[in-house]
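Below: the structure, in structure tokens.
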Amino acid sequence: VDVILMIIEYCIRIDRQSIQYIMRVCQDWADQEINTHEKVEEQIRIQLEKDKGQKLICSCFGIRRKLSKKEERYVEKWLNQYQFNINMIRLAYERCVDSISELSFPYINEILTRWHKNKITTPEEATTYDSKVKSQKQEDSSSPSYDLDELAKRGMFIPEL
């Protein structure tokens with residue numbers, strides 16, 4: 001009984017008060033064997049934390065709708081697995097919009113994944129890293145993809161222009 005009452009209280013707290021929703025939560029949690037006072041408290045804590053993160057991201061990105069399941073997985077990855085704070089996510093969002101002029105969760109994910117792999121945790125480190133990568137790309141694009149001396153050593157004749 002206490003578990004059911006806790007679920008009802010949780011559903012009221014998140015403004016999902018329909019009987020169908022409450023029954024669905026009860027069934028889902030029963031299927032996951034969330035059936036004790038302690039397990040329900042932990043699940044509620046996890047769900048509220050998840051909801052808080054999603055609301056923060058929606059606010060940051062200017063989204064006024066519920067996130068899709070795929071978008072929710074991205075947000076969970078950024079906040080829990082990568083442990084980025086909202087400033088880093090906002091910076092990735094700004095880089096995304098500056099580059100492609102629209103919101104793209106996969107694009108933001110690429111940015112954050114690159115930063116995570118390179119152990120970048122602050123906006124300053126991200127700016128330094130991104131400017132270094134940009135200058136490397138400019139150097140690479142200014143040099144030819146072939147070496148005339150190497151081709152000449154291999155006996156290939158390349159006429160002078």
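The values are calculated or read from the model by the stated rules, or taken from the named source; none is laboratory data. Only a predicted model underlies this, so the values are computations on that prediction, with no experimental measurement involved. Here Cβ is always computed from backbone atoms with ideal geometry, including for glycine, and neighbour counts include all displayed protein chains. To get the accessible areas, we keep the full protein, side chains included, count just its heavy atoms, and leave off ligands, DNA and RNA. Shrake-Rupley method; radii C 1.70, N 1.55, O 1.52, S 1.80 Å.
FRET efficiency for the pair Cys58 and Thr127, taken as 1/(1 + (r/R0)^6) with r the Cβ-Cβ distance and R0 = 30 Å, rounds to 0.75.
How large a share of the accessible area of the chain, in percent, is made up of carbon and sulfur atoms when the probe is 1.4 Å and the other protein chains stay in place?
50 percent
Net charge of the neighbourhood of Ile120, taken over other residues with C-beta under 12 Å away and scored Lys/Arg +1, Asp/Glu -1, is +1. Using a probe of 1.4 Å, the accessible surface attributed to Leu48 totals some 50 Å² when neighbouring protein chains are kept in position. Spin-label model, Asp98/Ala30: points 7 Å from Cα along the beta carbon direction are separated by 5.3 nm.
Using the rule -39500 (n - 2.57) for each DSSP H run of four or more residues, divided by the residues of the chain, the 222 nm mean residue ellipticity is -22500 deg cm²/dmol. Assuming a ≥ b ≥ c are the square roots of the Cα gyration tensor eigenvalues, decide whether the stretch 62-108 counts as rounded (a/c under 1.5), prolate (otherwise, with a/b larger than b/c) or oblate. In terms of gyration-tensor shape, oblate. Charge tally around Leu79: other residues with Cβ under 14 Å, Lys/Arg +1 each, Asp/Glu -1 each, net +1. Across the chain, Cα-Cα pairs more than 27 Å apart make up 49 percent of the total. Checking the cross-link pairs Lys69/Lys134; Lys39/Lys66; Lys66/Lys119; Lys50/Lys117 against a 28 Å limit on the alpha carbon distance flags Lys69/Lys134; Lys66/Lys119 as lying beyond it. Taking every protein chain into account, the accessible area of the chain amounts to 74 square angstrom per residue (probe 1.4 Å). On the basis of the beta-carbon distance and an R0 of 22 Å, Lys66 and Glu9 show a calculated FRET efficiency of 0.50. Counted without the sites themselves, the longest stretch of the chain free of GluC sites (Glu not before Pro) in a DSSP loop having at most 14 other beta carbon atoms within 10 Å is 34-101.
Once the Cα-Cα distance is subtracted from the 0.36 nm per residue extended length, the Lys137 to Asp51 segment shows a gain of 27.0 nm.
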